[in-house]
Amino acid sequence: MRKTSFILLVVVLWASAGCTSRFSVSSSVEELGLSDTRIDSVWVETDLVKVTSLTNDGESFRIEGKVKDPVYTSINFKVSPSEGGTSRTRTVPLIIEEGDVTFSVYRSWRAKDTPLNDAVNSMMLGYVDLYQGVNGQEDEAEKMGQYLEDFILSHKSDPASIYALEIGDAYLDAGRKLSLISDLAPKVASAQEVVSMKEDLETLLLASPGNRFIDFETEYEGKTSRLSDYVGKGNPVLLDFWASWCGPCREETPYIVAAYEEFGPKGLVVLGIPTNDKPENTLSAMAELGITYPQMMNAQMAGANAYGVKFIPTLVLISGDGTILGRDFRGEAIRETLLGLFD
């Protein structure tokens, strides 16, 4: 086995007393599917465990320590090509609990060999099987959502529920997720992942169809612009959260340009919200993609934070009186939605 020289700095913050359960986490580049790669360093992304030893020879690693209660967290790897090149960091979620956790690339959930990690593995296998059976059917969303809900409620006292909540965006709406979070045991609900998720869901719920639009402002070249400069003026407004660096956004742009050309003369206002983007890059992309509708330049994360946008492109349709009508539609659904509005 080839040895790799590296310097590893491990900083362990330990805030929990009375920890008695032993754990270990181990894997290799082969099990992780990282062929022709070396592991430069590895660390646990939490201060709720106590690491007592860490070994890494570049091709495999092992972390040992103590944990009081099961913890939902991640293992981070800094890896680089064996023959030299740019290093990158990879993150793999897992549950640290008493026992010996190993990783395998061949599973949807890579951690295995301890009770809660195996429970998540079993859930994911059933999730994939169910999806293959109901995909495209009228009751797909109902069955997939109920499957996730059943798992979450059966694990409301342990952190296996957190992963099911995280993957449930397609089948569990914000209100349903918040209801499930309220059923979690206090020690699970207080996990940082759940606290952050709850905050995001509450924001998303406020920006859901039926509610009034949320105003925000941006500043560019000494001028302040507000969403209320465009919204609530009598015309429907289509917000396009996008960025010049976003490939899917560029693929979506022709549909939005076509919608603007067709429905703009009928009163539709299309407003771009460049997200986490440099204004000069936004302007360059506008010229390249043929975007002529107005932009709230230099929005950065102001709009995304106000509307709970986690992924771009995201579209939000607002009525002439400022009521949110819909969001998260793509492609051909853009024209279909607008046809229904203008008809």
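The values are calculated or read from the model by the stated rules, or taken from the named source; none is laboratory data. Nothing here was measured: the structure is a model prediction, and the numbers come from that model. Here Cβ is always computed from backbone atoms with ideal geometry, including for glycine, and neighbour counts include all displayed protein chains. Ligands, DNA and RNA are stripped out before the accessible areas are found, and what is left, the full protein with its side chains, is counted by its heavy atoms. Shrake-Rupley method; radii C 1.70, N 1.55, O 1.52, S 1.80 Å.
Structural remarks
- When Ala207 is tested against (1) in contact with a Phe, Trp or Tyr (Cβ under 7 Å, 6 or more places away or on another chain); (2) open to solvent by less than 40 Å² (accessible area, probe 1.4 Å); (3) modelled with pLDDT of 95 or more, just one condition goes unmet, and that condition is (3).
- Residues in segment 81-96 that are over 15 Å from Thr37 (Cα atoms) and among the charged types (D, E, K, R): there are none.
- Top-ranked residue in segment 229-252 [being assigned to a loop (DSSP other than H, G, I, E, B) and of a type in the set (A, V, I, L, M, F, W, C); ranked as surrounded by the fewest Cβ atoms within 10 Å (Cβ to Cβ)]: Trp245
- Of all the residues in segment 163-198, those that are open to solvent by 70 Å² or more (accessible area, probe 1.4 Å), under 19 Å from Thr73 (Cβ atoms) and not polar (S, T, N, Q) number 4.
- Scanning segment 292-335 for residues that are assigned to a helix (DSSP H, G or I), farther than 23 Å from Tyr220 by Cβ and open to solvent by less than 20 Å² (accessible area, probe 1.4 Å) yields a single hit, Ile334.
- Residues that are free of Cβ contacts under 8 Å to residues at least 60 places away in the same chain and assigned to a helix (DSSP H, G or I), drawn from segment 185-202: Pro186, Val188, Ala189, Gln192, Val194, Val195, Ser196, Met197, Lys198, Glu199, Glu202
- If you go through segment 101-112 and keep only what is of a type in the set (Phe, Trp, Tyr) and outside any loop (DSSP other than H, G, I, E, B), you end up with just Phe103.
- When Gly133 is tested against (1) farther than 22 Å from Leu54 by Cα; (2) open to solvent by 60 Å² or more (accessible area, probe 1.4 Å); (3) not aliphatic (A, V, I, L, M), exactly one condition is not met: (2).
- Considering residues of segment 143-175 that are of a type in the set (D, E, K, R) and modelled with pLDDT under 95 only, the residue farthest from Lys68 (Cα to Cα): Asp173
- Residue in segment 333-341 that is in contact (Cβ under 8 Å) with a residue 60 or more places away in the chain and among the β-branched types (Val, Ile, Thr) present: yes
- Answer residue from segment 211-228, given it is over 29 Å from the mean Cα position of the chain (by Cα) and not basic (Lys, Arg) and is surrounded by the fewest Cβ atoms within 10 Å (Cβ to Cβ) among those: Gly222
- Here Lys143 clears all of (1) in contact with a helix residue (DSSP H, G or I) (Cβ under 6 Å, 6 or more places away or on another chain); (2) surrounded by 20 or more Cβ atoms within 10 Å (Cβ to Cβ); (3) not small (Gly, Ala, Ser) except the condition numbered (2).
- Candidates in segment 253-266 are the residues that are open to solvent by 10 Å² or more (accessible area, probe 1.4 Å) and touching a residue at least 40 places away in the same chain (Cβ under 8 Å); of these, the one that is nearest to Lys310 (Cα to Cα) is Tyr255.
- Of all the listed residues (Phe6, Phe61), the sole one being among the aromatic types (Phe, Trp, Tyr) and modelled with pLDDT of 85 or more is Phe61.
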